[in-house]
Each structure stands twice: as C-alpha cells, then as structure tokens.
Amino acid sequence: MSNSSLLIQQLTSFIPFVQSLREVDESTWTTPIKDGKWPVRDIITHIMKWDENFLETTLSKIIEQQGAVFLQENLDFLAFNSQAVESCKTLTQDEIIDKSVFYRTEILVKLKELPDSAYLTVYPGRDSYTLESFFQDLFVSHDNHHRSQIEEFLADRRS
C-alpha cells in the first residue's frame, strides 16, 4: 500500500465516525465534553471548517499548480477556531454532519486525483511539510485526538 493510499484510508475513516454522531441526542451533542472544553457539536464544526478552509485555500492551489503553496498551520488558529464555531451556531446537527462529510469527501476526491509525486514534494512553510506529512500531523492526528475525546465522552454518558 502506498503512502497516499494509507493516508486516504486514514482520512476516509473519519467519515463513518462523523456519520455515527447522528445518533447522538441533542443534549449530548451540545454538552461540553469536559469543563472548559467544547461540546461534540463544536468539535465537529471545528474540524469541518478546517477541512473547508484547506480545500478552498490550499488544496485547490496544489491541484491547479497556482503559484507558491505553503503548508503550515494557520498562525492564528485560536481566532480561526473561535470564528469557525461561532459561524455555525445556527446549523442543525444534521447540517453540521452533512457539511463535515461533504468537505472531507471533497478533500479525498482531490487527493485521489494527485500523482504520487505530489505527496512527496516538500512545500515551503515553517516546517517544510510534504503533503503526506502535513496531513498526518495536522489532519489524521487531529482527527484521532478529537475522535478519542468524543468516544470517551460518549462512553461516560452511557455509563
């Protein structure tokens, strides 16, 4: 299995997890997972908005080979996260889940169009990421971190 195939498989695995959250009741969906932490709703919104942002600002440039592409985390990620969560307060649970699945699926479609060499190119930025390492560090590990938080929270609510 190539690195790109493994990456696509890892990114894809988040979709059924997000879809499974349709079964979460409204109270659980909107209750902070711990004191001082976001509720499930805001965690999923936050991931969805990062997917949307990356798709629209960076991945499209890589695919269209438009000028210099920098792979780096948003320098003002706290402001981005806050704005992301606030911008989706009026969306329903199903709308957030649908948008999350849509943006992740769009990323996957675009990634599958890229040649393997695009995954190995070192892009400029603070950390000199390849597409592969960027997605591993900032998407896959991020997905796994939040997925574990949510799963632990949901297990605690059931017991």
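How large is the helix-only mean residue ellipticity at 222 nm for the chain, computed as the sum of -39500 (n - 2.57) over DSSP H runs with n ≥ 4, divided by its residue count, in deg cm²/dmol to the nearest 500?
Value at 222 nm, helices only: -19000 deg cm²/dmol.
Kindly flag which residue pairs out of Lys61/Lys89; Lys61/Lys112; Lys37/Lys89; Lys37/Lys99; Lys61/Lys99 have an alpha-carbon separation exceeding 25 Å in this structure.
On the way: Lys61/Lys89 29 Å; Lys61/Lys112 15 Å; Lys37/Lys89 16 Å; Lys37/Lys99 22 Å; Lys61/Lys99 22 Å.
Table pairs above 25 Å Cα-Cα are Lys61/Lys89.
Can you list the residues, at least 5 places off or on another chain, whose amide H is less than 5 Å from the amide H of Thr130, using H built in the peptide plane?
Those qualifying (amide H under 5 Å, at least 5 residues apart or on another chain) are Tyr123.
Taking a spot 7 Å from the Cα of Gln149 along the direction of its beta carbon, which residues of the stretch 78-93 have an amide N less than 13 Å from it?
Only 78, 81-82, 85 fall inside the zone, counting backbone N under 13 Å.
To the nearest 10 Å², what's Arg157's accessible area with a 1.4 Å probe?
100
In debye to the nearest 20, how big a dipole does the chain give about its Cα centre with +1 on each Lys and Arg Cβ and -1 on each Asp and Glu Cβ?
80
The values are calculated or read from the model by the stated rules, or taken from the named source; none is laboratory data. No experiment lies behind these values; they were computed from the predicted model shown. Please note: Cβ atoms are built from the backbone with ideal geometry, for glycine as well, and neighbour counts cover all protein chains shown. Only protein heavy atoms, including side chains, enter the accessible area calculation; ligands, DNA and RNA are left aside. Shrake-Rupley method; radii C 1.70, N 1.55, O 1.52, S 1.80 Å.
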